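The values are calculated or read from the model by the stated rules, or taken from the named source; none is laboratory data. The structure displayed is predicted, hence computed values, not measured ones. We place every Cβ from the backbone using ideal geometry, glycine too, and count neighbours over all the protein chains shown.
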Amino acid sequence: MGAHSKNIVIEIQGLTKSFKDLSVLEGIDLKLYEKENLVVLGKSGSGKSVLIKCIVSLIKHDEGSIKVEDIELTNINEDDLMEVRKNIGFLFQGGALYDSMTVRENLAFPLTRLKEKLTVDDINQKIESILEDVGLPDAIDKRPSELSGGMKKRIGLARTLIVNPKILLYDEPTTGLDPITSNEISDLINETKDKFKTTSIIITHDINCVKIVADRIVMIKDGKIYKEGILEEFMNDKDPYIKSFFK
């Protein structure tokens, strides 16, 4: 079954975003299909992170349309936006953990904000289960300052997954990690997709990560989509700009 016979989860049309005189996105068209890992590739400053921040309305786009599961976000009200966001997990570069809280408290935090009232036992069970999934059951009572960079990424992913989002947005998930840990995080992204049936956008310029996780790749250059395709098509491309990534 080809990717394109699957449901479209996110559809972006004609997306533009400028900051004062700096034009960052200049008419991006993009579709994300169900249960795929879509990698967005591009040099630093090419607008990759701005793109995913627009998808969750952390940044308001200027023009164009963003639909998440057929809901148009352009003029959405705050309550409806919060409903949409419940299905989207956003993994920030640094993991964005609260330093003053233990791992257990960090993971409990999003659960206590859900409408369903969970018992303490339910919450602890979920926390233990998700820590098993990311391979860190023993970190439960540690603080972020006691964790390595790779462990923080795993705990950040656990905190994102604990509320069962359908869509995951990863912002540079392997930045600052050594090659071995970087590969482990990339493998974990694939395991997450298989186990939780998630649909993901992965922003990265780490080509090893791309090779491990990408079902499909979109490259952004000068605020526009420069090329779209599968890994093989990028690896075989003779274009000097594309080759500069896949040395």
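A compact table of results
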quantity: Some residue of the stretch 201-219 being buried (at least 19 other Cβ atoms within 10 Å of the Cβ) and among the polar types (S, T, N, Q); calculated: yes
quantity: Odd one out for Ile66 among (1) over 19 Å from Thr199 (Cβ atoms); (2) assigned by TED's automatic domain parsing to the domain that holds Glu228; calculated: (1)
quantity: Selection count where residues are at pLDDT 90 or above and in contact with a helix residue (DSSP H, G or I) (Cβ under 7 Å, 6 or more places away or on another chain), scope the stretch 102-127; calculated: 8
quantity: Close pairs from the stretch 72-85: first not assigned by TED's automatic domain parsing to the domain that holds Leu114, partner in a helix (DSSP H, G or I), Cβ under 8 Å, at least 6 apart; calculated: Leu73/Ile55; Leu73/Leu81; Leu73/Val84; Ile76/Val84
quantity: Tally of residues being in a strand (DSSP E or B) and of a type in the set (Ser, Thr, Tyr) across the stretch 46-102; calculated: 1
quantity: Flag for Thr174 being free of Cβ contacts under 8 Å to residues at least 24 places away in the same chain, within 25 Å of Ile203 (Cβ to Cβ) and in contact with a strand residue (DSSP E or B) (Cβ under 7 Å, 6 or more places away or on another chain); calculated: no
quantity: Number of the condition not met by Ala139 [criteria: (1) free of Cβ contacts under 8 Å to residues at least 24 places away in the same chain; (2) within 19 Å of Met101 (Cβ to Cβ)]; calculated: (1)
quantity: Residue count, the stretch 55-100 (criterion: farther than 21 Å from Ile12 by Cβ and in contact with a helix residue (DSSP H, G or I) (Cβ under 7 Å, 6 or more places away or on another chain)); calculated: 5
